[in-house]
Amino acid sequence: MFYRNSLRKIHTLINHKLYPLNDHQSDRFNQLITTSRGEFHSTGCLYLPNFLTQSTLSTILHEIDSIVKDFSQNLFHSYVQHTDNLYNISSNSFEMESSSKTIIAYDQIPSNSLLRKIYSSNSLIHFLTQIIQIYPQLYPSCDKLGALYVNIYHQANQLSWHTDHSHFFINLLLQQASNPNEGIFEYKTDEKIISRHDFQCGGLVMFNGRKYLHRVTKVHTSKSPRINAILTYDCTREHQLSEYVLKKFFGRTT
């Protein structure tokens with residue numbers, strides 16, 4: 001199955017009718033860039049619903065299920081106490097937040113999986129570069145653990161309020177918690193909390209995590225976990241996470 005998947009072209013993996021990423025010269029592509037760029041820069045949050053086809057989404061979830069079974073003893077169950085900056089530890093216990101999730105690292109995702117195929121797509125990278133505009137070119141990360149990874153939020157897991165170091169992150173929504181009121185992505189604008197109940201599996205999110213506090217609300221009762229993939233790109237070809245960050249968020253450095 002993985003071998004056949006690796007031969008599929010990117011335009012068959014995403015919803016090409018809505019997102020013609022291969023048609024760089026078309027009016028539809030230029031309009032998509034203009035609309036997406038405007039939404040991201042004005043709100044800090046670009047949401048592209050139905051970005052993945054149903055077939056792609058189903059296959060990726062099957063791949064993740066296989067990974068979970070194959071690496072059941074080796075997946076890292078992250079628990080981090082932090083301030084509103086995930087990288088900082090405060091001596092004041094009243095300032096502390098806690099976040100927890102299960103992580104599938106990049107080196108645990110098969111080289112011929114659809115997630116890797118999408119992540120390395122030149123068409124997607126070109127599209128994202130055109131939207132963000134901050135850098136002349138984006139490149140896939142070289143990090144062996146954090147280039148592309150999957151977050152799984154089971155019962156009692158959450159991602160508490162924080163900001164990021166990067167101006168943006170790319171998030172593929174793969175599965176929502178079975179309780180529609182749990183595992184919700186939220187962010188603050190001028191102290192107003194925006195709850196994105198409209199986010200659905202198969203969508204892509206680009207978010208300015210440096211500017212806006214954000215979180216994923218706790219999963220309490222859902223039998224099915226919330227699952228998303230983080231696609232890490234950078235303005236340099238040599239991007240790697242520090243050993244401190246790797247140890248803290250992946251439980252290892254290699």
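The values are calculated or read from the model by the stated rules, or taken from the named source; none is laboratory data. Model, not experiment: these values are computed from the prediction. Reconstructed Cβ throughout: ideal geometry from the backbone, glycine too, with neighbour counts over all protein chains shown. All accessible areas refer to the heavy atoms of the entire protein, side chains included, with ligands and DNA or RNA removed. Shrake-Rupley method; radii C 1.70, N 1.55, O 1.52, S 1.80 Å.
Using only the C-alpha atoms, the convex hull of the stretch 97-232 corresponds to 119 Å³ per residue. If the convex hull of the alpha-carbon atoms of the stretch 19-160 is projected onto planes in all directions, what is the mean projected area in square nanometres? The number I arrive at for the stretch 19-160 is 11.2 nm². Backbone amide hydrogens, once placed in the peptide plane, bring His239 within less than 5 Å of Cys142, excluding anything fewer than 5 places away on its chain. Where a Cα-Cα gap under 24 Å defines reach, which lysines qualify for Lys223, not counting those fewer than 8 residues away within the same chain? In chain and number order, the partners are Lys69, Lys101. With every protein chain in place and a 1.4 angstrom probe, the accessible-area ranking of His220, His214, largest first, reads His220, His214.
The alpha carbons of the chain stretch over 54, 44, 39 Å along the principal axes, in descending order.
Legend: P(r) of the stretch 7-78 from all alpha carbon pair distances, 5 Å bins from 0, whole percents, reading 3, 14, 16, 16, 14, 14, 11, 8, 4, 1.
With the convex hull of the Cα atoms taken as the outline of the stretch 106-171, the averaged projected area works out to 5.9 nm².
Highest mean first, the peptides 99-112, 143-156 sorted by other C-beta atoms within 10 Å per residue fall in the order 143-156, 99-112. Here the Karplus relation 6.51 cos²θ - 1.76 cosθ + 1.60, evaluated at θ = phi - 60°, turns the backbone of the stretch 46-60 into coupling constants of 9, 10, 10, x, 6, 5, 8, 6, 4, 5, 5, 4, 4, 5, 4 Hz, with x for every Gly and Pro. Helix-only arithmetic for the chain: the sum of -39500 (n - 2.57) across DSSP H runs with n ≥ 4, divided by the residue total, places the mean residue ellipticity at 222 nm at -8000 deg cm²/dmol.
Highest mean packing first, where packing is the average number of other Cβ atoms within 10 Å per residue, the peptides 242-253, 116-127, 54-65 line up as 116-127, 54-65, 242-253.
Taken per residue, the accessible surface of the chain reaches 49 Å², heavy atoms only and a 1.4 Å probe. The fraction of Cα-Cα pairs per 5 angstrom bin, counted from 0 for the stretch 155-249, comes to 3, 12, 20, 24, 20, 13, 7, 2, 0 percent, rounded to whole percents.
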